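Please read the structure below before turning to the comments.
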Amino acid sequence: MTDHYDVIVIGSGAGGGTLTHALAPTGKRILLLERGDFLPREPQNWDSKSVWVDLRYHNSGNWTDASTGEEFPPKQNYYVGGNTKVYGAILFRFRERDFRQIQHVDGVSPAWPLCYADFEPWYTRAEHLYHVHGQRGADPGEPPSAAPYRYPPLSHEPRIAQLEADFTRAGLHPFPLPVGLIYDESAPQFSPCIRCATCDGYPCLVNGKADAHIVCVEPALRYPNVTLRTRTRVMRLETDGPGRTVTRVVMDRDGQAETYSADLVVVSAGAINSAALLLASASERHPDGLGNSSGVVGRHLMMHNNSSLIAFSKIPNPTRFAKTLGVNDFYFGDPDDDGGFPYPLGALQMLGKNDATLITFDAPDAEDPVDLARHSMDFWLTTEDLPLGGNQVLLGRDGRIQLRYTQTNAEAHRRLRGKFEGLLDAIQCRDTVLPGYHYLGGRLGINAVAHQNGTVRFGADPATSALDLNCKMHDLDNLYVVDSSFFVSSTAVNPTLTIIANALRVADHIAGRLGAAGLPEAQAEAQLLATTHA
């Protein structure tokens, strides 16, 4: 078996899976490496106790809080498709202003080295690829787009439609969430998605969620030039003598050591694991970690300030698929503030609905958890956190991952929750709100790493960034990092669409570098539709 490839991609999630799909038609030999295996399709995919209480699909072991020495189970999953196998499939574009410097209560969110317009074409391609349903112009903070959504917004079920009307009467501007589902509401009998009650945070038993495995890896594997190796953990990257070229990718596959090489290597293991791999690849030429002459590798870890909150409707809420509504009126601040707090607060969106099992977990003293679940309405609040240099990924002496993380913008997040709680009566809910502990702690803490980003930032200056503007490492000639590591700020919307868009952007650059002719847009679109619906 030939052990040299044109491209080796490490990680099959939103970054690596998407990039592999984009490069597959070039004919170049691509090796895709995934630490995990295919997530099993089984009845437990949709069982809340199995997923949330028993943690049946949690396979990342424990990491360590470097500040306390305590171990914790991270919200991290190793499967083909990465964390998208269990994501909520909400796919926002960053706001146009997110790419500029923004003053927050605890400091500055820095400007990106590229602007929104530099990403816009790839945002459109990403939305098409991942079957994003939405409505242009409904979200008041939505940036300009060159094209409409290809798929119409998902309709609201009656209680969510009532919620939309109540928010509107309260002076807000609710909008249909941009959701990535393989679903045709006009012909549901032909759609994999069935709008089930177990989508958000669950694996999809019917392959109706637009995750990286279904829409990218599986179609890419139909090309004879693409090879996937599962159960393959990359241990380190080794370079030539001068340290400018990665010459060996050293891995463990089912307990056996294997080594491969490639003209180009792409690391896409998630912001925490990608940084950990680079740190583990330290050598004489790279004593502080591979490509880390700037000292930023592993630093500036961001994860968002997220809260999972459960409100209780005064009328029954029989909704099955609840994740169709968002509110961004407080994204850049409180419109009713008199100037005393002129800082961004964040975003609010619906979560997947609780059932009686999860309510028992969240409210163990509930007298009637079935009735409580019947009235529950579940919300997700997000506030931007800041890229502190001291928030970082570290390796212990045993090589295991440690995280050091200090929360920022806590006051802004507290105010966002206050704005939400002040709306409870207007949205016909009781005045009691519970933290969603099944989401690992209500106001999510250090274990809530699903939105991890920022640990290998990009930029024009090699002294302050590890990656150049094409996400190639400044210090190496053939090494790229294509996941959320490249972010310089976290914003306050879900990161996945920006990961996907950037992967498509970098894939075009890599195709050009390899001398592979880019596909004309019409041909690429036709090929996309053929592979995703075959």
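Before moving on, here are some points about what is shown:
- Exactly one residue out of Q407, Q402 is in a loop (DSSP other than H, G, I, E, B) and closer than 30 Å to E71 by Cβ, and it is Q407.
- Restricting the range 113-147 to residues that are polar (S, T, N, Q) and in a loop (DSSP other than H, G, I, E, B), the residue that is farthest from F486 (Cα to Cα) is Q135.
- Listed by first and then second residue, the pairs linking a residue in the range 487-515 that is at positive phi to a residue that is charged (D, E, K, R), with Cβ atoms under 8 Å apart and 6 or more places separating them unless they lie on different chains, are T491/R95; T491/D98; T491/E384.
- Residue match in the range 263-280 (condition: surrounded by 15 or more Cβ atoms within 10 Å (Cβ to Cβ), small (G, A, S) and at pLDDT below 95): no
- Strands (runs of 3 or more DSSP E) lying entirely in the range 1-112 (those with 2 or more residues that are modelled with pLDDT of 95 or more, within 26 Å of P387 (Cβ to Cβ) and among the small types (G, A, S)): 107-109
Results for (1) of a type outside the set (G, A, S); (2) in contact with a Pro (Cβ under 7 Å, 6 or more places away or on another chain); (3) modelled with pLDDT under 95, shown as yes or no for each residue.
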position: A165; (1), (2), (3): no, no, no
position: H173; (1), (2), (3): yes, yes, no
position: L177; (1), (2), (3): yes, no, no
position: L181; (1), (2), (3): yes, no, no
position: S191; (1), (2), (3): no, no, no
position: I194; (1), (2), (3): yes, no, no
position: G201; (1), (2), (3): no, no, yes
position: K209; (1), (2), (3): yes, no, no
position: A212; (1), (2), (3): no, no, no
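- Selection within the range 56-101: residues that are aliphatic (A, V, I, L, M) and closer than 21 Å to A492 by Cβ. The member of this set that is surrounded by the fewest Cβ atoms within 10 Å (Cβ to Cβ) is I90.
- Just one of the listed residues (H413, H438) is outside any loop (DSSP other than H, G, I, E, B), at pLDDT below 95 and not β-branched (V, I, T), and it is H438.
- Of residues in the range 345-381 being in contact with a Leu (Cβ under 9 Å, 6 or more places away or on another chain) and part of a loop (DSSP other than H, G, I, E, B), the one surrounded by the fewest Cβ atoms within 10 Å (Cβ to Cβ): A366
The values are calculated or read from the model by the stated rules, or taken from the named source; none is laboratory data. Keep in mind it's a predicted model, so treat the numbers as computed, not measured. All Cβ positions, even for glycine, are placed from backbone atoms using ideal geometry, and neighbour counts span all protein chains on display.
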